[in-house]
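To keep things clear, I will list the structure first and then write my remarks on it.
The values are calculated or read from the model by the stated rules, or taken from the named source; none is laboratory data. Here the structure is a predicted model, which is why all the values come from computation and not from measurement. As a convention, Cβ positions derive from the backbone with ideal geometry for all residues, glycine included, and neighbour counts pool all protein chains shown. Areas reflect the complete protein model, heavy atoms only, side chains present, ligands, DNA and RNA absent. Shrake-Rupley method; radii C 1.70, N 1.55, O 1.52, S 1.80 Å.
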Amino acid sequence: MKAKRILTMQDLSCVGQCSLTVALPILSRYGIETCVLPTAVLSNHTQFKSWSYLDLTNEIPDIFREWQQSGINFDAFLLGYLGKKELMTLAEECFDKFSNPDSPIIIDPVFGDEGRLYSGFDEEYVRAMAQLITRADIIDPNVTEACFLTNTVYRASYDKRYVEELARKLADAADAAVVITGVEFDGLIGELILQDGCFQYEMLPKLPAKYHGTGDIFSSVMTANVLAGKSLGESCLAAGLFVADCMRATDSQHFYGVNFESRLANDPSDK
Ligand code: PXL
């Protein structure tokens, strides 16, 4: 069978176990040819106290030109942290120029958590992202991002009606399958999925720690499973199990990411 070729567009944080440094090994681990479009090089991700930032936006048109000359195209796209509004216009250009027929577009709109925007993001960015997700087949925001994208007041605790309403608003606005990540009830954590008008929850026991980069790992594993032909529910469950496994393997002093490397050879979804 011909291997699938995906393009993942996100930053390269030199240190931090997030974005490209997790997407590339994880997608490759599943036998997917993984091409990267690094949008910026950071010394480390932005949950550290400070970071350096080399913006690669101006390089992207040249990259596209070369790809066009070589007749490159992709069977799927996975977008994570972009960081700049201008990159969304380039992402759309990328879909238009380098898609095969039916190449799925998966967008994790990465811009906030716990009710707040990450450093460097503003309302204008959120509005541009609300536009970009109309191009997606699957979106996987967390609850905070879902609230910002739908102009909904964020609540730290909620009931099913609240998250289902969020998912419904997103599905209407984006015309995509919606996966809301980090949904929590009764000691469980997981995803609310809304696809073809049906709600589904994939929940697991909540672990006592919270680590950075787990959303990027989740997106990569979910995407790999979707490309392998699994249902969205099965893909979310596989991704949730993998993230939990990585968290259990992580030393609690390791503040900036999770130990996914030791788990790559032992993905629970293989069993
Ligand atoms: O994990 C999301 C992410 C990716 N890349 C960078 C980040 C973050 C979250 O803060 O700072 C650079």
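Assorted remarks:
- Computed accessible area, S52, all protein chains, 1.4 angstrom probe, square angstrom: 60 Å²
- Put simply, segment 1-123 fits an ellipsoid with semi-axes of 25, 16, 14 Å; these come from the alpha carbon gyration tensor as the roots of five times its eigenvalues, largest first.
- 3J(HN,Hα) along segment 131-137: 6, 4, 5, 5, 8, 7, 9 Hz, from the Karplus curve 6.51 cos²θ - 1.76 cosθ + 1.60 with θ = phi - 60°, whole Hz, x for Gly and Pro.
- Span from the segment 155-182 Cα centroid across to the segment 49-96 one, whole angstrom: 28 Å
- Residues of segment 160-244: accessible area per residue with a 1.4 Å probe, Å²: 43 Å²
- Rg/Rh, computed from the Cα trace of the chain with Rh as the Kirkwood radius, has the value 0.93.
- Positive-pole candidate from S19, A244, S220, dipole of segment 5-270, charges at beta carbon: A244
- Relative contact order [Cα under 8 Å, 6+ residues apart], the chain, whole percent: 15 percent
- The mean accessible area for residues of segment 1-49, using a 1.4 Å probe and ignoring ligands and nucleic acids, is 40 Å² per residue.
- Working note: Cα atoms of segment 1-68, range along each principal axis, descending, whole Å: 46, 29, 10.
- Taking the protein heavy atoms of the chain in the context of the full set of protein chains, the accessible area attributed to carbon and sulfur is 50 percent at 1.4 Å.
- Charge dipole (debye, nearest 20) of the chain; +1 at Cβ of Lys and Arg, -1 at Cβ of Asp and Glu: 380 debye
- Put K206, K49, K2 in order of accessible area, highest first, and with a 1.4 Å probe you get K49, K2, K206.
- Computed over segment 162-271: relative contact order in percent, which uses C-alpha pairs under 8 Å that are six or more apart: 19 percent
- A simple rule links phi to the HN-Hα coupling: the Karplus curve 6.51 cos²θ - 1.76 cosθ + 1.60 with θ = phi - 60°, which for segment 243-254 gives 4, 4, 4, 4, 5, 5, 8, 9, 5, 5, 7, 7 Hz, with x for Gly and Pro.
- The mean sequence distance of close C-alpha pairs (under 8 Å, at least 6 residues apart), as a share of the length of segment 75-197, puts its relative contact order at 22 percent.
- Taking every DSSP beta bridge that has both ends in the chain, the antiparallel portion is near 45%.
- Only Cα sites of segment 103-232 enter the Debye sum here, all with the same form factor; the resulting log10 I(q)/I(0) across q = 0.09, 0.13, 0.22 1/Å is -0.23, -0.49, -1.55, listed in q order.
- Violating pairs (Cα-Cα greater than 21 angstrom) within the set K4/K85; K49/K210; K4/K97: K4/K85
- Taking 20 Å as the straight-line reach from the Cα of K206, the lysines in range (excluding those fewer than 8 positions away in the same chain) are K160.
- Rounded to the nearest 10 Å², the accessible area of E191 at probe 1.4 Å: 10 Å²
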